[in-house]
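Working notes, structure below.
The values are calculated or read from the model by the stated rules, or taken from the named source; none is laboratory data. Not measured: the values here are computed from a predicted model. Because the Cβ atoms are built from the backbone with ideal geometry, glycine has one as well, and the counts that use them run over all protein chains shown. SASA here: full protein model, heavy atoms, side chains in, ligands and nucleic acids out. Shrake-Rupley method; radii C 1.70, N 1.55, O 1.52, S 1.80 Å.
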Amino acid sequence: MEDLRIVRDDRCYPVGTAVVEGGVHFSIVSQGEECSLVLYQAGRKAPVQKILFPKEGRVGDVWSMTVNGDFQGIEYCFEIDGQLTEDPFGRHFSGREVWGSDKHLGKVLKASIPEEHYDWEGDVPPQIPYQDCIVYRLHPRGFTKHPSSGVKERGTFAGIMEKIPYLVELGVTTVELLPSIEFQEVMAQPKERLPDIYRSRVQQAAEAQPKEEETTLQPSGKLNYWGFIPGLYMAPKASYCSGKEKHPEREFKDLVKALHKAGLELVMDLFFTGEERETFILEVLRTWAREYHVDGFHLIGAAPCRLLGQDPYLSRVKLWAQSWDGVQGGRYRHLADYNEGFSIDMRRFLKGDEDQVGPLAFRIRHNPQDRGVINYMANINSFTLMDNVCYDVKHNEANGEENRDGSDYNYSWNCGVEGPSRKKKVAGMRRRLLKASYLLLFLSQGTPLLMAGDEFGNSQNGNNNPYCQDNEISWLNWKQAESNKDLLDFVKQIIRFRKAHPMFHLPQEPKILDYLSCGQPDVSYHGVKAWCPEFDHFRRQLGVLYCGRYAKLADGSLDDHFFVAYNMHWESHEFSLPNLPKGQYWHIAIDTGADGTGGIYPQGEEILLEKQKHYRVGARTIMVFVGKKADGALAAALEEKESAPGLKRREKGDRGKKTTAVKTADP
């Protein structure tokens, strides 16, 4: 330690700590009159050296100096005008390696010197366009913490890496991580203090001199499981790191690199209060994008969206926020709206509420040209998809707030029984609605987001706000992937179906116009009668025709024609089917009301309709029909019927018929 010395260094460095030849460069932003670097031997409480920042190294409010010497085994913090403080740009801190430990509650954490080099092995971000993304949101701890997860390093970044083959098989492309920065999960409250008259003058005098190990906080008995609080924004969370010797920087980078090798992206949740400097927030995002190769950020709370959205360093990094209205993004379509509008409208339609056909028509096509839109049916602050069909009201008693927390507006339906039920009729209806939920999500044009566990019926026992539940309420029980294998298989197949057919994920919003002059618009709306959409407040049915001429497959051929019949009425309805080009016939591709089957028929196994003019769609059911050539005796009979005088079909479908484009406002 005696060899450490300040050296003259006229080079420019970013704010923070950087390893340089012969030593380390330190800089910190402070309005104080005096600033010092305080050094500790790793694992010891008392400082071993204090180095004062030279006045001549101060530029504005930035204090800088380069210190040469051996920093092996050294930790540090800063002292500003006599008050110890953490390095807000630190990459690794000691003291919170154990999840839920209150050992360092309210204390200043010491940072380690950053690692000099990490081998990215030529890592290149996938940069997947929004129309091709399938987002999967998970909690870094809860995703694999349950014993049923089957991973070696449960509840860690390494545990997520072990699950990458599962994510690839599921078909997702983009992993969204709940807050993974270094935050204090132990929720605290002020300590009770004895009145001064009961304490000696010596005690009072000692308390008047702040000590590094003193704190005025005590645990409240609850944990902040989600992590939407301020933290040390440049450091990955140490308790999400595996092994006895914690290397959170390295393990997080290993996770990003492994995801990229599998063709997956990683988007981080970042929460800001609005009290942070805008330039600091900007540097946080740049650091994670530059040093950790993160592919995007979900900005939660108060973030300077205009500044971030126009930053050239972030112009190809995905940025998600509540809304980007009024913010002009770059040429790369990297901004995306992330709000609950889709979830509210679609849940209300699924439930069978009145006046929801118009919002349905808007949501399934909404996909702005200048930015993306993230669609979800369920998220962390709502019922899971399973609970959405099992509970009418929230059950948050376990949170200790007398069930007053969490939203009272869930737009859910318990199918006649509150909570779990073994009644076949109830269970069957819940299965039907769950499959309809998946279709509402994955057949809409925006970017679909699936909450981890919703693919196999994860339940939180009716808790729609488990922010403090670090237990089996929030941990994924992977046994459900077997008990609800039918749901998991359905989700895998619908994701493959979406990916296989670009008509359901166009690069821009459908125009509802025949701009190719081919006789049909790209997308058109229908009622139970073809070409006659009905948007009356009491309607619960909508037909949507997708013309495959407006989208090309990977081999350059045109996509198929599709007709999606939505019926969320509690009664069945007969839909008239629009005419197809000559030689094509309607087949059933997906039926959420199919009993005893998975409901999705693989390509080449779709069911040819005997009657091509109409089909009765069951109650609370969504069906997808695909236009294809037909084979077999039934096909021959249909072709003979088609060739009969007076029954010839027009080659170009319903040329000349008009469709009315519904104008719906963004709720």
request  = Return yes when Val426 is of a type in the set (Val, Ile, Thr) and in a helix (DSSP H, G or I) and no when it is not.
outcome  = yes
query = In this structure, is Ile364 crowded, with 21+ Cβ neighbours inside 10 Å, under 30 Å from Ser474 (Cβ atoms) and not aromatic (Phe, Trp, Tyr)?
reply = no
query = Which residue pairs have Cβ atoms under 7 Å apart, sit 6 or more places apart or on different chains, and have a first residue in the stretch 599-627 that is over 18 Å from Gln584 (Cα atoms) and in a strand (DSSP E or B) and a second that is open to solvent by 30 Å² or more (accessible area, probe 1.4 Å) and of a type in the set (Ser, Thr, Tyr)?
reply = Arg616/Ser572; Val617/Ser572
task = Within the stretch 283-304, track down each residue that is within 18 Å of the chain's Cα centre (by Cα), surrounded by fewer than 23 Cβ atoms within 10 Å (Cβ to Cβ) and assigned to a helix (DSSP H, G or I).
result = Ala289
message = Residue under question is Gln328, and the condition is that it be among the polar types (S, T, N, Q), without any contact (Cβ under 8 Å) to a residue 60 or more places away in the chain and open to solvent by 50 Å² or more (accessible area, probe 1.4 Å); does it hold?
response = yes
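Here's the yes/no breakdown for (1) closer than 30 Å to Glu185 by Cβ; (2) open to solvent by less than 40 Å² (accessible area, probe 1.4 Å); (3) in contact with a strand residue (DSSP E or B) (Cβ under 8 Å, 6 or more places away or on another chain); (4) among the hydroxyl-bearing types (Ser, Thr, Tyr):
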site	(1), (2), (3), (4)
Phe71	yes, yes, yes, no
Pro88	yes, no, yes, no
Phe93	yes, yes, yes, no
His104	yes, no, no, no
Val108	yes, yes, yes, no
message = Looking at Leu314 and the list (1) over 30 Å from Leu506 (Cβ atoms); (2) free of Cβ contacts under 8 Å to residues at least 60 places away in the same chain; (3) within 23 Å of the chain's Cα centre (by Cα); (4) open to solvent by less than 20 Å² (accessible area, probe 1.4 Å), which single condition is not satisfied?
response = (1)
task = Could you grab the pairs with beta carbons closer than 6 Å, sequence gap of 6+ or different chains, first residue in the stretch 255-273 and of a type in the set (Gly, Ala, Ser), second one surrounded by 19 or more Cβ atoms within 10 Å (Cβ to Cβ)?
result = Ala258/Met161
ask   = Do we find a residue being open to solvent by 10 Å² or more (accessible area, probe 1.4 Å), part of a helix (DSSP H, G or I) and on the phi < 0 side of the Ramachandran plot anywhere in the stretch 511-531?
value = no
inquiry  = Taking the conditions exactly as written (of a type outside the set (Asp, Glu) and either surrounded by fewer than 21 Cβ atoms within 10 Å (Cβ to Cβ) or farther than 17 Å from Glu185 by Cβ (or both)), does Phe228 satisfy them or not?
reply    = yes
note = Within the stretch 532-571, the count of residues that are farther than 16 Å from Phe625 by Cβ and in a loop (DSSP other than H, G, I, E, B) comes to 19
query = Given the conditions (1) assigned to a loop (DSSP other than H, G, I, E, B); (2) within 30 Å of Gly296 (Cβ to Cβ); (3) at pLDDT 95 or above, and given that Gly419 satisfies all but one, which numbered condition is not satisfied?
reply = (2)
ask   = Can you spot a residue in the stretch 646-662 that is of a type in the set (Ser, Thr, Tyr), loosely packed, with under 11 Cβ neighbours inside 10 Å and at pLDDT below 95?
value = no
Tally, over the stretch 137-180, of residues that are assigned to a loop (DSSP other than H, G, I, E, B), touching a His at 6+ places or on another chain (Cβ under 8 Å) and either within 22 Å of Arg498 (Cα to Cα) or touching a residue at least 24 places away in the same chain (Cβ under 8 Å) (or both) = 1
task = Might you check whether a residue that is in contact with a Cys (Cβ under 9 Å, 6 or more places away or on another chain) and at pLDDT 95 or above occurs anywhere in the stretch 205-219?
result = no
message = Conditions first: (1) surrounded by fewer than 22 Cβ atoms within 10 Å (Cβ to Cβ); (2) in contact with an Asp or Glu (Cβ under 6 Å, 6 or more places away or on another chain). Ala378 passes all but one, so which condition is the exception?
response = (1)
query = Name the pairs: first residue in the stretch 504-529 and closer than 22 Å to Tyr615 by Cβ, second residue open to solvent by 20 Å² or more (accessible area, probe 1.4 Å) and in a helix (DSSP H, G or I), Cβ to Cβ under 7 Å, at least 6 apart or on different chains?
reply = Val523/Arg365
inquiry  = Asp370 - would you say it is farther than 18 Å from Ile134 by Cβ and at pLDDT below 95?
reply    = yes
